[in-house]
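Asker: What follows is a structure written as structure tokens; I'll ask about it next.
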Amino acid sequence: MLQNAYLKRVYEDTVARNSDQKEFLQAVLEVFESLEPYVAQHPELEAHAIMERLVEPDRMVTFRVTWEDDNGKIHVNRGYRVQFNSAIGPYKGGLRFHPSVNASIIKFLGFEQIFKNSLTSLPLGGGKGGSDFDPKGKSDAEIMRFCQSFMTELQRHIGSNCDVPAGDIGVGGREIGYLFGQYKRLNNRFTGVLTGKGVMFGGSLARTEATGYGLLYFTEEMLKCMKNDSVAGKTIVISGSGNVAIYALEKATQLGGKVIAMSDSKGYIVDENGVNFQVIKQLKEVERGRISEYVNRVPGSRYVEGCRGIWSLPCDIALPCATQNELDLADAELLVKNGVMAVAEGANMPSTAEAVAYFQEHNVLFAPAKAANAGGVATSGLEMSQNSMRSQWEFSEVDEKLRQIMINIFRESEAAAKDCGHEGNLVVGANIAGFKKVSEAMLAEGLY
Ligand code: NDP
Ligand code: 2IT
């Protein structure tokens, strides 16, 4: 629990004002706990009510999204955009389309995005959005009509120097294309208002791969600096099989690791020979099918119903890449019992607070989401730069910038942890390093 009186007071007030938003409160508490040593040394933060201002978004819009399915039936969903903090740059963060989306989920994601974006060292503020729309089983035409309706409202709130959305769960290249088309149609402006665009209309090469690749660049650096080791030869388990998981699989394999299992929301597959990247990519990215189908294409692999069981598999490295709170204390205990040496979060807040504490108590290297999955938004930042310059960098150029950014994030997080007496604690380090720049900018910019 919080020791610092100022942080405690602001946290209690945040609970009282957002009592039904458990994911948001979970994200706030984690950041506040990390900031205790820093806040104790910086009384100006309390004098300027920095923490009170940080937990209250600049603004949050919710709106009705009406769309018609292929049978002419009309549906209504709820859309969201939270513009959390713009101290260091335009609001930036993905859009999530998933039935579980609500105000708490959007606010936890938007809050985390503030610090993650700061860690990238690029000028990006924090935002997030989405809808409780379920893309599963919808035709391309239905997805297009939903995206058009969603953007018809969202477009009045965003802009290339104001707020730049991108993808997240349920929003990939197809959705970004439809959203971009509608933005352009309504505004008659070809600008970098979204990232993750197709490479033929302003998208950056390597953005699709960036989050998964970045996760592995971070993991490789963490293993090198903290254990004098590497990904090569390690047995790896990855949860999820979406955008982040697919490219984590590819890079992990390229670095010499062996990924033995992956999942979707229904179950997981085990392939002791190493999961085949081409098969997973075809199955999940192209066909949008179920992961259970993998066993019909790869002899010797097996499918297990239910996604949680994936953490019972012995592995050296665990990469949760599906969704929030997918790895709890019981899972952490199993992983530690089976000898896991490193956990790096590809998803946002995939480990519960109890699981994180358990890993740290048992000397498992732990790479928190804000730092480890920042490669996606960092490359979005690189896409914005390319759009502003009206140019396009080579794949290898973007990939190398991404790798350097991930190495820097690791080093800054490690150094910040050491500086405040928490050597080796990358949760504390990442939160402090991300917070420092944002709070200094807020102080410099005056009250609002
Ligand atoms: P995708 O929609 O491409 O894939 C999501 C994957 O997670 C799918 O395999 C999906 O299974 C599974 N999943 C989603 N929700 C649940 C759930 N409630 N329970 C179990 N499994 C679930 O999303 P992304 O790969 O883009 O995102 C994955 C995570 O990474 C999210 O936490 C996201 O916020 C985070 N992230 C994404 C970034 C990006 O650039 N895309 C950047 C940084 C973080 P199924 O197919 O069955 O639904
Ligand atoms: O969680 C994330 O960082 C993302 N979904 C990517 C956001 C972005 O703007 O690229």
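Asker: Identify, from the list VAL65, VAL31, VAL55, the residue that is under 14 Å from GLY126 (Cα atoms) and in contact (Cβ under 8 Å) with a residue 40 or more places away in the chain.
Answerer: After applying the criteria, what remains is VAL55.
Asker: If you don't mind, there's one more thing I want to ask. In region 60-75, how many residues are at positive phi and either surrounded by 10 or more Cβ atoms within 10 Å (Cβ to Cβ) or in a strand (DSSP E or B) (or both)?
Answerer: Looking only at that region, the number is 0.
Asker: Please state which one of GLY89, GLY126, GLY94, GLY130 is modelled with pLDDT of 95 or more, within 12 Å of ligand 2 (Cβ to nearest atom), surrounded by 15 or more Cβ atoms within 10 Å (Cβ to Cβ) and more than 22 Å from MET349 (Cα to Cα).
Answerer: Within the list GLY89, GLY126, GLY94, GLY130, the selection yields GLY89.
Asker: Ok, one more. Restricting the first residue to region 369-385 and requiring it to be farther than 19 Å from ALA433 by Cβ and in contact (Cβ under 8 Å) with a residue 12 or more places away in the chain, which pairs with a second residue that is near ligand 1 (Cβ under 9 Å from one of its atoms) and not in a loop (DSSP other than H, G, I, E, B) meet a Cβ separation below 7 Å and a spacing of at least six or different chains?
Answerer: Close Cβ pairs satisfying both conditions: THR379/ARG207; THR379/ALA210; SER380/ALA166; SER380/ARG207; GLU383/ARG207.
Asker: Now for a separate question. Across region 86-101, which residue is farthest from GLY446 (Cα to Cα) among those that are within 13 Å of ligand 1 (Cβ to nearest atom) and not small (Gly, Ala, Ser)?
Answerer: PRO99
Asker: Tell me, please, whether a residue that is crowded, with 24+ Cβ neighbours inside 10 Å and within 11 Å of ligand 2 (Cβ to nearest atom) can be found in region 151-160.
Answerer: no
Conditions (1) at pLDDT below 95; (2) away from ligand 2 (no atom under 13 Å from the Cβ); (3) over 24 Å from ALA27 (Cα atoms), marked per residue:
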| site | (1), (2), (3) |
| --- | --- |
| VAL343 | no, yes, no |
| PRO350 | no, no, no |
| VAL377 | no, no, no |
| GLN392 | no, yes, yes |
| GLN404 | no, yes, yes |
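Asker: Next up: Among the residues of region 39-59, count how many are on the phi < 0 side of the Ramachandran plot and among the small types (Gly, Ala, Ser).
Answerer: 2
Asker: Another question, then. Write out, first by first residue and then by second, each pair whose Cβ atoms fall under 6 Å of each other, whose residues are 6+ apart or on separate chains, and whose first residue, in region 157-177, is farther than 22 Å from MET389 by Cβ and touching a residue at least 60 places away in the same chain (Cβ under 8 Å) while the second is more than 11 Å from ligand 1 (Cβ to nearest atom) and not basic (Lys, Arg).
Answerer: HIS157/VAL61; GLU175/CYS147
Asker: Another question about this same structure. Could you go through region 108-115 and let me know if any residue there is more than 10 Å from ligand 1 (Cβ to nearest atom), over 13 Å from the mean Cα position of the chain (by Cα) and at pLDDT 95 or above.
Answerer: Scanning region 108-115, I find no residue that is more than 10 Å from ligand 1 (Cβ to nearest atom), over 13 Å from the mean Cα position of the chain (by Cα) and at pLDDT 95 or above, so the answer is no.
Asker: In region 265-301, which residue that is more than 29 Å from SER100 (Cα to Cα) and charged (D, E, K, R) is surrounded by the most Cβ atoms within 10 Å (Cβ to Cβ)?
Answerer: Filtering first and then ranking leaves ASP271.
Asker: Can you tell me which residue within region 184-237, out of those that are among the β-branched types (Val, Ile, Thr) and in a helix (DSSP H, G or I), is surrounded by the fewest Cβ atoms within 10 Å (Cβ to Cβ)?
Answerer: So, considering only residues that are among the β-branched types (Val, Ile, Thr) and in a helix (DSSP H, G or I), the one surrounded by the fewest Cβ atoms within 10 Å (Cβ to Cβ) is VAL199.
Asker: Give all pairs with beta carbons closer than 9 Å in which a residue from region 316-343 that is within 21 Å of GLY257 (Cα to Cα) meets a residue that is surrounded by fewer than 18 Cβ atoms within 10 Å (Cβ to Cβ) and among the basic types (Lys, Arg); count only pairs at least 6 apart in sequence or on separate chains.
Answerer: MET341/LYS227; ALA342/LYS227
Asker: Okay, next question. Between a first residue in region 198-223 that is acidic (Asp, Glu) and a second residue that is within 10 Å of ligand 1 (Cβ to nearest atom), which pairs have beta carbons less than 8 Å apart while being 6 or more apart in sequence or on different chains?
Answerer: Sorted first by the residue in region 198-223, then by its partner, the pairs are GLU209/TYR247.
Asker: Now, a different point. Of the residues GLU361, GLU400, GLU414, which single one is in contact (Cβ under 8 Å) with a residue 24 or more places away in the chain and not hydroxyl-bearing (Ser, Thr, Tyr)?
Answerer: Selected residue: GLU414, the only one of GLU361, GLU400, GLU414 that is in contact (Cβ under 8 Å) with a residue 24 or more places away in the chain and not hydroxyl-bearing (Ser, Thr, Tyr).
Asker: Looking at region 372-398 only, could you name the residues that are more than 11 Å from ligand 1 (Cβ to nearest atom) and aliphatic (A, V, I, L, M)?
Answerer: Correct list: LEU382, MET384, MET389, VAL398.
Asker: Right, another one. Which of the numbered conditions does ALA430 fail, given that it passes all the others? Conditions: (1) under 25 Å from GLN26 (Cβ atoms); (2) at pLDDT below 95; (3) hydrophobic (A, V, I, L, M, F, W, C).
Answerer: That leaves (2) as the condition not met.
Asker: Can I ask one more? Which one of these is closer than 23 Å to GLY424 by Cβ and not in a loop (DSSP other than H, G, I, E, B): VAL343, VAL259, VAL304?
Answerer: Result: VAL343 is the single residue among VAL343, VAL259, VAL304 that is closer than 23 Å to GLY424 by Cβ and not in a loop (DSSP other than H, G, I, E, B).
The values are calculated or read from the model by the stated rules, or taken from the named source; none is laboratory data. Nothing here was measured: the structure is a model prediction, and the numbers come from that model. No Cβ is skipped: glycine too gets one built from the backbone with ideal geometry, and neighbour counts run over all protein chains shown.
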